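The values are calculated or read from the model by the stated rules, or taken from the named source; none is laboratory data. Worth saying up front: this structure is predicted, and the values here are computed from it rather than measured. All Cβ positions, glycine included, derive from the backbone under ideal geometry; neighbour counts span all protein chains shown. Quick note on the areas: whole protein, heavy atoms, side chains included, nothing else; ligands and nucleic acids left out. Shrake-Rupley method; radii C 1.70, N 1.55, O 1.52, S 1.80 Å.
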Amino acid sequence: MTRTRQVEAAAVDEVRTRVDRRIGAVLARAAALGFLGQVAVTEQIDHALGFVATVEEELCRPPGSVLDLGTGGGLPGLVLAACWQGAEVVLVDANERRTDFLREVVSGWGDTGRVHVVRGRAEELGREPDRRERVEVVTARSFGPPAVTAECGAPFVAVGGRLVVSEPPGAERSERWPAAGLATLGLSPGAAFRVADRFGFQVLLKDRPLADRFPRRVGVPAKRPLF
């Protein structure tokens, strides 16, 4: 694996200027509804901006399309949509209350032609022909353990695209993202990023098409992880 790449705080400050001021109020509502956990909303927005900075550092540009896996109350998905006005953005979550909330938000923004909210299980959605291997970047904030995130995220990533995963502090990359296990899913470990010396992200590269047998049935990736 390559060494960790540093993204300076100035890069986060730049992308912060693109965030619509409505984001804070929307995410405060999401927090009040119990969709975002206990961490302060401002901290969670900063973390979402770390995704933006990481992807742009990796690609040297904004992506053309992005899917946020397990978007919950809209993090990082709504922040990604705000920062990447030219991108098609898909927000995926299995919970009806959360997706109803997100559809209301997106409709209020008048962005339904570009930002799409999809309710369903990743294991099933990743087998749909119009979603399989169609997205340039897939993001995952706290979807699940590495093997689950990789198996559920890989079906959406186009060959040549990226799966970008938030990492816990002090994570051992070689243990969390073994090359042999990732290869089964057409992935390989790319660069790790440290953003503003606060947040960590791992990039996985989609090298080749995913085998037809993946993803496995709903729940199987968690019950029988590949690595």
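Scan Glu57, Glu88 and give me the residue that is touching a His at 6+ places or on another chain (Cβ under 8 Å) and closer than 24 Å to Glu136 by Cα.
Details: Glu57 fails: touching a His at 6+ places or on another chain (Cβ under 8 Å).
It is Glu88.
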Within the stretch 89-125, how many residues are open to solvent by 40 Å² or more (accessible area, probe 1.4 Å) and in contact with a Pro (Cβ under 9 Å, 6 or more places away or on another chain)? 1
Within the stretch 135-163, residues hydroxyl-bearing (Ser, Thr, Tyr) and surrounded by fewer than 24 Cβ atoms within 10 Å (Cβ to Cβ) come out as Ser142
Can you find a residue that is under 29 Å from Ala171 (Cβ atoms), out of contact with any helix residue (DSSP H, G or I) (no Cβ under 7 Å at 6 or more places or on another chain) and in contact (Cβ under 8 Å) with a residue 60 or more places away in the chain anywhere in the stretch 110-121? yes
Those residues that are within 16 Å of the chain's Cα centre (by Cα) and touching a residue at least 60 places away in the same chain (Cβ under 8 Å), I need them from the stretch 159-176; list them, please. Arg162, Val164, Ser166
Of the conditions (1) outside any loop (DSSP other than H, G, I, E, B); (2) open to solvent by 60 Å² or more (accessible area, probe 1.4 Å); (3) within 26 Å of Leu80 (Cα to Cα), the single one that Ser166 does not satisfy is (2)
Subset of the stretch 194-208, residues open to solvent by 90 Å² or more (accessible area, probe 1.4 Å) and either acidic (Asp, Glu) or over 20 Å from Arg3 (Cβ atoms) (or both), comes to Asp197, Arg208
Among the residues in the stretch 101-118, are any within 22 Å of Gln202 (Cβ to Cβ), in contact with a strand residue (DSSP E or B) (Cβ under 8 Å, 6 or more places away or on another chain) and modelled with pLDDT of 95 or more? no
Considering only the stretch 9-34, state which residues are outside any helix (DSSP H, G or I) and surrounded by 13 or more Cβ atoms within 10 Å (Cβ to Cβ). Arg18, Val19, Asp20
Checked the stretch 35-63 for anything open to solvent by 30 Å² or more (accessible area, probe 1.4 Å), outside any helix (DSSP H, G or I) and of a type outside the set (A, V, I, L, M, F, W, C); matches are Gly37, Gln38, Arg61, Pro62
